[in-house]
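Read the structure below first, then the notes.
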Amino acid sequence: MASTLADSLAEGDPAAFAALYDRLSLRLFNTARTLSSAADAEDIVHDVFVELARSRQRLAGVIDLEAYVFTMLRHAVSRRHRRFAIDRKAVGLIAAERLRSGVAGESPPRLPDDDLAAAVAALPAEQREVIALKIDGGLTFAEIAAVMHTSLNTAASRYRYALEKLRASLATTEVQR
């Protein structure tokens, strides 16, 4: 009999996967939404749970399951961003070719401007990750440090710098209105 949730997951216990999903899915979704986009967040969380199921043997003996899963989330977001960059480049090449050949395409629709989302998106990746893990993931700075493979002080500093940049950005936006 498995002694921890991680051990139960490693054994492939469906109830353990359900328990983990119930425990973390909302926090994972919110974190993925901040690190990526609302449109991709659900797919990213799905990818994390598929990978957990596929590589469940690695979970045996995992001490901090939440840090492990949030690390998997970070990697899933990075993979999606890389795929998106490759796709965007391919679409750009196709669009450039159409323009050269005289085929005009429509411009992509513009999304409504969300000041906070834009300000968060403008943060450096490390600061955006700390914000997402702290606010959306509900992780402590110690857990964030473990997930990001950095020191506790670095995690806290990135959070503090991110908040300062967000305040400044949002104040500038408010003045411009």
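Where a number appears in this text, it was derived from the coordinates with a stated rule and is not lab data. Keep in mind that this is a model prediction, so the values were computed, not measured. All Cβ positions, glycine included, derive from the backbone under ideal geometry; neighbour counts span all protein chains shown.
Table for the structure above
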{"quantity": "Sites A122 and A19, calculated FRET efficiency, Cβ-Cβ separation with R0 41 Å, nearest 0.05", "calculated": "0.65"}
{"quantity": "FRET efficiency estimate (nearest 0.05) - Cβ-Cβ, S157 to Q57, R0 35 angstrom", "calculated": "0.45"}
{"quantity": "Calculated FRET value between T173 and S78, using beta carbons and R₀ = 25 Å, to 0.05", "calculated": "0.30"}
{"quantity": "Inverse mean reciprocal Cα-Cα distance (Kirkwood Rh) of region 21-92, Å", "calculated": "12.8"}
{"quantity": "Protection proxy ranking of 122-130, 145-153 - average other beta-carbon atoms within 10 Å, highest first", "calculated": "122-130, 145-153"}
